[in-house]
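Structure first, then comments.
The values are calculated or read from the model by the stated rules, or taken from the named source; none is laboratory data. Predicted, not measured: the structure shown is a model, and the values here were computed from it. Cβ atoms come from the backbone with ideal geometry, glycine included; neighbour counts cover every protein chain shown. Only protein heavy atoms, including side chains, enter the accessible area calculation; ligands, DNA and RNA are left aside. Shrake-Rupley method; radii C 1.70, N 1.55, O 1.52, S 1.80 Å.
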Amino acid sequence: MGLDLLVKNGTVVDGSGVARYQGDVGIKDGRINAIGRIREPARRIIDADGLIVAPGFIDGHTHMDAQVAWDPLGSCSCWHGVTTVLMGNCGFALAPCGPDDREWFARCLEAVEDIPTDAMMAGIDWTWETFPEYLANVEQLPKGLNYGAYIGHSALRMYVMGERALTEAANEDDLDRMANAVEEALLVGAVGFSTSRATTHITPDGTPVASRIAEWNEIDRIVASMAKMNTGVFQIGPDTSSGSAYKEFLQRLRKITLDNGRPVMFGISSTKQGDDPLPWQSQTGFIDEVVAEGGHIWGQATTRPISAVFSAKSYLPFDGLPVWKQ
Ligand SMILES: [Zn+2]
């Protein structure tokens with residue numbers, strides 16, 4: 001008999017909130033069946049002395065949409081103990097996407113996430129158009145991580161509205177088509193719908209990405225279609241352009257979760273921001289208030305400061321400043 005795998009001598013952080021402890025972890029038939037001092041024989045033994053043994057982490061905010069096409073390991077997430085990632089955050093996605101728009105979508109990801117367009121065009125076998133087709137493609141790729149995906153607003157808007165997505169409000173027909181596409185995506189397993197109001201999210205031409213052109217009634221309409229199906233998370237990149245814009249943004253989120261009952265996930269700061277500090281305490285205070293009112297709302301913060309590669313050739317955090325443009 002015995003175990004299939006024994007991970008010995010590790011420091012176990014079991015995720016329950018209990019302090020870390022020294023122990024062995026025994027696995028049989030794909031499940032953990034013992035933790036502690038284990039003497040049972042095992043077919044395979046890993047010595048984890050000096051290492052942490054923990055459940056895989058879930059990274060709820062990645063932009064692995066393109067990388068999954070050419071990197072089966074999912075680095076660098078896999079190096080940090082992440083075993084599940086969500087992609088398609090902030091409205092950026094590679095589906096739905098018409099054949100003529102592929103390069104534009106790739107350039108948008110380059111503008112915001114610094115993923116080179118050339119790498120994307122060379123590394124992706126771009127066979128899909130709709131979101132269900134994209135997910136079916138991800139399904140058959142070799143993968144070392146588990147993946148979940150949002151249907152992204154900027155992609156969806158461009159797909160439905162074409163060039164108008166970058167300048168115009170959606171009409172009734174556009175709204176119907178977007179809501180239908182989101183419902184179709186949820187049926188095949190989309191995690192939900194993502195969007196962004198963040199001023200840092202710009203097209204390669206420096207103009208706001210399509211999701212930022214949308215009026216709030218468009219977002220309300222799409223989240224309502226998720227509510228109708230009783231599934232789907234709403235994720236949003238925050239408007240941090242000023243204190244007043246941010247306050248209004250938070251009130252919108254409050255209304256969305258209270259009206260629809262859908263979970264809302266939004267980026268929060270773990271540090272003070274510039275001249276108009278928005279300490280994280282006010283954000284967690286806001287979350288507590290909305291939860292007390294019956295809303296489902298979560299903040300996403302980084303566990304370390306966000307750093308950027310500084311180069312005059314790529315996007316810089318200064319690009320939004322008038323004085324830098326001069
Ligand atoms: Zn993002």
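Tabulated values for the structure
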{"quantity": "Count of residues meeting criterion [among the charged types (D, E, K, R) and open to solvent by less than 100 Å² (accessible area, probe 1.4 Å)] in segment 291-326", "calculated": "2"}
{"quantity": "Residues located in segment 265-294, provided they are more than 20 Å from the chain's Cα centre (by Cα), among the small types (Gly, Ala, Ser) and at pLDDT 80 or above", "calculated": "Ser282, Gly285, Ala292, Gly294"}
{"quantity": "Residue match in segment 42-57 (condition: in a loop (DSSP other than H, G, I, E, B), under 30 Å from Ala301 (Cα atoms), open to solvent by less than 90 Å² (accessible area, probe 1.4 Å) and within 16 Å of the ligand (Cβ to nearest atom))", "calculated": "no"}
{"quantity": "Failed condition for Gly123, given (1) modelled with pLDDT under 90; (2) more than 14 Å from the ligand (Cβ to nearest atom); (3) in contact with a Phe, Trp or Tyr (Cβ under 8 Å, 6 or more places away or on another chain)", "calculated": "(1)"}
{"quantity": "Residues (away from the ligand (no atom under 16 Å from the Cβ) and not aliphatic (A, V, I, L, M)) located in segment 58-75", "calculated": "Trp70, Asp71, Pro72, Gly74, Ser75"}
{"quantity": "Residue list for segment 87-117, restricted to those being of a type in the set (Val, Ile, Thr) and part of a helix (DSSP H, G or I)", "calculated": "Val112, Thr117"}
{"quantity": "Residues within segment 89-105 that are within 16 Å of the ligand (Cβ to nearest atom) and modelled with pLDDT under 90, tallied", "calculated": "1"}
{"quantity": "Selected residue (criterion: surrounded by the fewest Cβ atoms within 10 Å (Cβ to Cβ)) from residues of segment 218-244 that are polar (S, T, N, Q) and farther than 16 Å from Val264 by Cα", "calculated": "Ser244"}
{"quantity": "Top-ranked residue of segment 180-192 - restricted to ones that are of a type outside the set (A, V, I, L, M) and open to solvent by 40 Å² or more (accessible area, probe 1.4 Å), ranked as nearest to the chain's Cα centre (by Cα)", "calculated": "Gly189"}
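Rundown of residues vs (1) open to solvent by less than 20 Å² (accessible area, probe 1.4 Å); (2) assigned to a loop (DSSP other than H, G, I, E, B); (3) within 16 Å of the ligand (Cβ to nearest atom), yes/no style:
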| residue | (1), (2), (3) |
| --- | --- |
| Cys78 | no, no, no |
| Val85 | yes, no, yes |
| Ala119 | no, no, no |
| Asn137 | no, no, no |
| Gly148 | yes, no, yes |
| Ala165 | yes, no, no |
| Ala170 | no, yes, no |
| Met178 | yes, no, no |
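To keep it simple, each residue is scored yes or no on (1) in contact with a Ser or Thr (Cβ under 7 Å, 6 or more places away or on another chain); (2) open to solvent by less than 60 Å² (accessible area, probe 1.4 Å).
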| position | (1), (2) |
| --- | --- |
| Val7 | no, yes |
| Asp24 | no, yes |
| Pro72 | no, no |
| Gly91 | yes, yes |
| Asp100 | no, no |
| Ala106 | yes, yes |
